[in-house]
1. I'm trying to understand the selection: among the residues of the stretch 185-211, which are over 12 Å from residue 260 (Cα atoms) and in a loop (DSSP other than H, G, I, E, B)?
2. Does any residue of the stretch 266-275 turn out to be over 17 Å from the mean Cα position of the chain (by Cα), in a helix (DSSP H, G or I), closer than 18 Å to residue 175 by Cα and without any contact (Cβ under 8 Å) to a residue 12 or more places away in the chain?
3. I need the full set of residues from the stretch 97-147 which are modelled with pLDDT of 90 or more, within 23 Å of residue 180 (Cα to Cα) and part of a loop (DSSP other than H, G, I, E, B), in order please.
4. Within the stretch 61-96, how many residues turn out to be assigned to a helix (DSSP H, G or I) and over 16 Å from the mean Cα position of the chain (by Cα)?
5. Give just the number: which of (1) surrounded by fewer than 19 Cβ atoms within 10 Å (Cβ to Cβ); (2) on the phi < 0 side of the Ramachandran plot; (3) out of contact with any helix residue (DSSP H, G or I) (no Cβ under 6 Å at 6 or more places or on another chain) does residue 78 not satisfy?
6. Do we have residue 198 as over 21 Å from residue 64 (Cβ atoms), touching a strand residue (DSSP E or B) at 6+ places or on another chain (Cβ under 6 Å) and at pLDDT below 95 here?
7. Regarding residue 204, is this residue in contact with a helix residue (DSSP H, G or I) (Cβ under 7 Å, 6 or more places away or on another chain), modelled with pLDDT of 90 or more and either within 21 Å of residue 87 (Cβ to Cβ) or surrounded by fewer than 22 Cβ atoms within 10 Å (Cβ to Cβ) (or both)?
8. Tell me the residue from 154, 228 that is assigned to a helix (DSSP H, G or I), modelled with pLDDT of 90 or more and within 20 Å of residue 43 (Cα to Cα), please.
């Protein structure tokens, strides 16, 4: 993509309603002739939640763009997981108005989509051109990213490739948690800490969704083990145990306040998992 032309029409009026209030994505997976449904937010929703909490941009935190090509020849599960990493990085850059970085990550995400047979997802409705024209307008770009997400969900459902959506989200979640914990370590922002804590609770549903995937499509066993270990850490925290002891009606992850030690422990595990996946 080339740089923006000043005279191009804008989609700024195409405002996106509060992304955090949008309905979360619902993933349905057929297993043993039964359909299991797990509700997971989209990568854009998670990024928007962190942004609303005050997650600032720091160069060098996101996955390096110069190592993307090697993952295109990785095994299916790793390739899709890293695709999720880059989608999360794209959302982080867009929400922090990093124009040039956003362009790089969009290009990489498009390459991964093409490799996975989802070429139409990033090309329909003039998406590349619209993104180019509106790269500096966060609301417009978020709307385009949400459209990409919807196109992707529809395509994988039509082609019975739901495993792509689930594994992609797992990767995006890991990368989002990595970015969140890395930024929190620099700033100790209590709002960011609260968002990290709230997102920890998603791990259980991710594990369930991954376990429901057909093993012949992608071997997600290592990813299941990784995210399950994060879920176990989350459930070992004293504050979480006390909250769950109050019962399902009283339990609200939004009111949890974890200690710096708890967040550090979780952060180190996320970092180790991310490093394992990137190094292969």
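1. 201, 202
2. Taking the stretch 266-275 as the starting set, the residues that turn out to be over 17 Å from the mean Cα position of the chain (by Cα) are 266, 268-269, 272.
Of the ones still in play, those that are also in a helix (DSSP H, G or I) are 266, 268-269, 272.
If we keep only those that are closer than 18 Å to residue 175 by Cα too, we end up with 266, 268-269, 272.
If we keep only those that are without any contact (Cβ under 8 Å) to a residue 12 or more places away in the chain too, we end up with 268, 272.
Yes, there is a match, as at least one residue in the stretch 266-275 is over 17 Å from the mean Cα position of the chain (by Cα), in a helix (DSSP H, G or I), closer than 18 Å to residue 175 by Cα and without any contact (Cβ under 8 Å) to a residue 12 or more places away in the chain.
3. Correct list: 98 only.
4. Within the stretch 61-96, the first condition is being assigned to a helix (DSSP H, G or I), and the residues that meet it are 65-71, 76-95.
Going one step further and asking which of them are over 16 Å from the mean Cα position of the chain (by Cα), we end up with 65-71, 76.
So the count comes out to 8.
5. Residue 78 satisfies all of (1) surrounded by fewer than 19 Cβ atoms within 10 Å (Cβ to Cβ); (2) on the phi < 0 side of the Ramachandran plot; (3) out of contact with any helix residue (DSSP H, G or I) (no Cβ under 6 Å at 6 or more places or on another chain) except (1).
6. Values: over 21 Å from residue 64 (Cβ atoms): yes; touching a strand residue (DSSP E or B) at 6+ places or on another chain (Cβ under 6 Å): no; at pLDDT below 95: yes.
Criteria not met by residue 198.
7. Numbers: in contact with a helix residue (DSSP H, G or I) (Cβ under 7 Å, 6 or more places away or on another chain): yes; modelled with pLDDT of 90 or more: yes; either within 21 Å of residue 87 (Cβ to Cβ) or surrounded by fewer than 22 Cβ atoms within 10 Å (Cβ to Cβ) (or both): yes.
Judged against the criteria, residue 204 is a match.
8. Numbers: 154 fails: modelled with pLDDT of 90 or more.
On inspection, the qualifying residue turns out to be 228.
The values are calculated or read from the model by the stated rules, or taken from the named source; none is laboratory data. These figures come from a predicted structure and were not determined experimentally. Cβ: placed from backbone, ideal geometry, glycine included. Neighbour counts: every protein chain shown.
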